[in-house]
Amino acid sequence: MSAAHPDAALAGARPTASADVFPSPRLYNNDLAPVSRNNRPWRAYHVFTLWANDVHSLGNYTFAIGLFALGLGAWQILLTFALGAAALFVMLTLSGFVGERTGVPFPVLGRIAFGIRGGRIPAIARGVVAIVWFGIQTYLAAAVLGVLLLTLFPPLAALEAREVLGLSLLGWASFALLWAVQVAIVSRGMAMVRRYVAFAGPIILVTMLSLAAWVFTRADYTIATSIDAPLTGVAMWQKIGAGAALWVVIYGTFALNFCDFTRCAASPAAIVRGNFVGILLNMMVFAAIVIVLAGAQFAIDGRIIQSPADIVATIPDTGWRIAASLSLVVLTIAVNLVANFVAPIYMLADLAPRVLNFKRAGLVSALIGVVILPWNLYNSPLVIEYFLGGLGAVLGPFFGVIMTDYWWVRRARVNVPDLYSTATSGDYHYRAGINPRALAALLPAALIAVAISLLPMFAAAAGFSWFIGAVIAGLLHALFMPRRVSYRQQDGEAIARDGV
């Protein structure tokens, strides 16, 4: 299909296509290849269960219950999550459509806007955040498992007395067990991830609804709709807005690499239906559970819980407490797989496609997650606030550039085969494989987002840093990219893999 080059200002200086091997082994392997439209197994149910797991993570419950502790009442919490869910539905549906249309994973998707080499920049930024959180989430799940093991085998308490590198021997044993389970799952590829998520989703929903029903019964079927001194007036509305914004930011990382999953979606309708139930409806169910858990426990003893794990600890029957604890472990594994494990696997496979396939990259990613000693990072406020907070703020500008480039600049027209070509005449070669215009849009937006996120003088706007960075980067990218260019459209079926 003939058309003008997407960057006419740069194309004129390029020679014609070279005789490079295509697809280039530096850019392509079976895991990075587009997924054939004839073999995409993810239906609406699989998209829904992805959210059924991720929304109900223990970290999300801690965040939401914190809104209750800060003074928001029942209807304010429902409104907060309704606003956040509406924004996320739009963002993640648009992001999901990109994966479904192109069939490529996030590191390859980044090549469209940033170039065949520059695409590694957003992939690395997303992957580094994910690896750190993979280790931290595995550590937090290991803590729950450790309590469960002590309940079943009290003599194991002796292992709590000795520490190695900041973690008790029991902690190491629990961490190693969960680490091995996750590695075993990803070693079977994305198909096994899909099956595990589909299996875990209903378990999590039943567990959380059962916990809410149980604590509601203990409170004699009453709940406190707010703390004794709830927020009112301007302060209330500010907290609602900030809470909704932070809820969106929590999923700002996932919005980038949602294509890692939707590239396997059977149709756009599967994404819309899965997102509608999994984001809009499921998040409102989540908010209702939060209100019942926090409100009922507050009505019982005036105590504000931090997460459902606090409720589980009060279950008097040992058998039910064990079952609930196992469900929380199942949940955390599912959340870790979809939010923190898949992204770094594709990042590493993109960095060394000749050496690392999905299985090997998964093992390397998991090993890094151990070497960084995540329990020490989790206990360091500086790491959480400055490193992960600052790097997380940078992901907003990446999202702004990539989405603006795909939907506004190119009008969803992508030449998929050229994403795997090193030919200097390729659509995504730009300058030595890097699009300077995309970087020019990214850098000032990223600096502004990080400054707003970390500097005390911008504390009031810190929760909106992701949005501010995304909007600035998107506007700059739309301004810098050449106009009146006809972009080439070509699917990747000729080089596609059978399925995942």
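The values are calculated or read from the model by the stated rules, or taken from the named source; none is laboratory data. Computed from a prediction, not measured in an experiment: that's the story for all the values here. Note that we place each Cβ from the backbone using ideal geometry, even for glycine, and neighbour counts take in every protein chain shown.
Odds and ends about this structure:
- Candidates 179, 214, 237, 172 - the one that is in contact (Cβ under 8 Å) with a residue 40 or more places away in the chain, among the aromatic types (Phe, Trp, Tyr) and farther than 30 Å from residue 261 by Cβ: 214
- Of the helices (runs of 4 or more DSSP H) lying entirely inside segment 268-357, those containing at least 1 residues that are closer than 18 Å to residue 68 by Cβ and not aliphatic (A, V, I, L, M) span 282-301, 308-313.
- Here residue 142 clears all of (1) touching a residue at least 60 places away in the same chain (Cβ under 8 Å); (2) in contact with a Phe, Trp or Tyr (Cβ under 6 Å, 6 or more places away or on another chain) except the condition numbered (1).
- Boolean, residue 369 is surrounded by 18 or more Cβ atoms within 10 Å (Cβ to Cβ), over 30 Å from residue 93 (Cβ atoms) and within 19 Å of the chain's Cα centre (by Cα): yes
- Qualifying residue in segment 375-391 (condition: assigned to a helix (DSSP H, G or I) and buried (at least 23 other Cβ atoms within 10 Å of the Cβ)): no
- Test: residue in segment 475-492 that is part of a helix (DSSP H, G or I) and surrounded by 21 or more Cβ atoms within 10 Å (Cβ to Cβ): yes
- Checked against (1) surrounded by fewer than 19 Cβ atoms within 10 Å (Cβ to Cβ); (2) aliphatic (A, V, I, L, M); (3) under 30 Å from residue 63 (Cβ atoms), residue 440 passes all but a single condition, namely (3).
- With a requirement of 1 or more residues that are within 27 Å of residue 287 (Cα to Cα) and modelled with pLDDT of 95 or more, the helices (runs of 4 or more DSSP H) lying completely within segment 3-115 that satisfy it span 44-55, 74-102.
- A single member of 423, 445, 462, 496 is without any contact (Cβ under 8 Å) to a residue 24 or more places away in the chain and either surrounded by 16 or more Cβ atoms within 10 Å (Cβ to Cβ) or under 22 Å from residue 33 (Cβ atoms) (or both), and it is 462.
- Within segment 66-84, being of a type in the set (A, V, I, L, M) and surrounded by 23 or more Cβ atoms within 10 Å (Cβ to Cβ) holds for 67, 72, 77.
Okay, residues lined up against (1) among the hydroxyl-bearing types (Ser, Thr, Tyr); (2) in contact with a strand residue (DSSP E or B) (Cβ under 6 Å, 6 or more places away or on another chain); (3) at pLDDT 90 or above; (4) under 30 Å from residue 245 (Cβ atoms):
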position	(1), (2), (3), (4)
449	no, no, yes, yes
452	no, no, yes, yes
464	no, no, no, yes
467	no, no, yes, yes
470	no, no, yes, yes
494	no, no, yes, no
498	no, no, no, no
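- Test for residue 234: is it under 23 Å from residue 202 (Cβ atoms), of a type in the set (A, V, I, L, M, F, W, C) and surrounded by fewer than 24 Cβ atoms within 10 Å (Cβ to Cβ): no
- Among the residues of segment 147-165, those that are under 14 Å from residue 322 (Cβ atoms) and either in a helix (DSSP H, G or I) or acidic (Asp, Glu) (or both) comprise 147, 148, 149, 150, 151, 152, 154.
- Residues of segment 333-355 include none that is farther than 25 Å from residue 32 by Cβ, touching a residue at least 24 places away in the same chain (Cβ under 8 Å) and of a type in the set (Ser, Thr, Tyr).
- Odd one out for residue 347 among (1) within 17 Å of residue 177 (Cβ to Cβ); (2) modelled with pLDDT of 95 or more; (3) under 18 Å from the mean Cα position of the chain (by Cα): (1)
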